[in-house]
Amino acid sequence: MTRARIGHGYDLHRLEPVAPQGAGRPFVLGGLRIEHDRGPVGHSDGDALLHAVTDAILGALAEPDIGQLFCDRDPQWDGADSAVFLAEAVRRMQARGLRLGNLDATVICERPKIGPVKDAMRARLAELLHADVSAINIKGKTHEKVDAVGEGRAIEVHAVALLVP
Ligand code: MG
């Protein structure tokens, strides 16, 4: 009998001035492009929210994590849309007879502000997860100006996903 399963995902990306000033890619979070003078440094598009959600689902399934499935030295994933990674996690979830019960994510960064884009982000995640938007929650927090996250040099995301039959 298939039972509910819970998983946690975490991700952090360094934020640097967007190229050519620095190594930052255009800022994307939750599948949305957001205007910001810094962007994530990463092999793929650096979407920390989609990475954390992907790992929460893979973790719930006790399957290999995002770094194992999509190696950050594989040129195939250079600049990749992270929706591709999440789609693979969703495919594995559905193959196991599970769907998303609910998702709760916390985005920690000093800037940009998450509030104004939260609803659009929830809608995009609901679409990617084949879930109702009421099952998706995103909270934005700052790091109170301390440490790398608080100084705007990194973005951090925690996500918890409950999968149900
Ligand atoms: Mg990542």
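The values are calculated or read from the model by the stated rules, or taken from the named source; none is laboratory data. Keep in mind that what you see is a predicted model, and the values were worked out from it rather than measured. With ideal geometry, Cβ positions are generated from the backbone for all residues, glycine too; neighbour counts draw on all protein chains shown. What goes into the accessible areas is simple: the full protein's heavy atoms, side chains included, and nothing from ligands, DNA or RNA. Shrake-Rupley method; radii C 1.70, N 1.55, O 1.52, S 1.80 Å.
From the list G22, G9, G42, which one is among the small types (G, A, S), in contact with an Asp or Glu (Cβ under 9 Å, 6 or more places away or on another chain), at pLDDT below 95 and within 14 Å of the ligand (Cβ to nearest atom)? Quick ask: steps written out before the conclusion?
Numbers: G22 fails: within 14 Å of the ligand (Cβ to nearest atom); G9 fails: at pLDDT below 95.
After applying the criteria, what remains is G42.
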(request) Restricting attention to region 146-165, report how many residues are farther than 20 Å from F27 by Cα, open to solvent by 40 Å² or more (accessible area, probe 1.4 Å) and not acidic (D, E). (result) 4
(message) Being open to solvent by 30 Å² or more (accessible area, probe 1.4 Å) and under 22 Å from A126 (Cβ atoms) is the requirement here; does A56 meet it?
(response) no
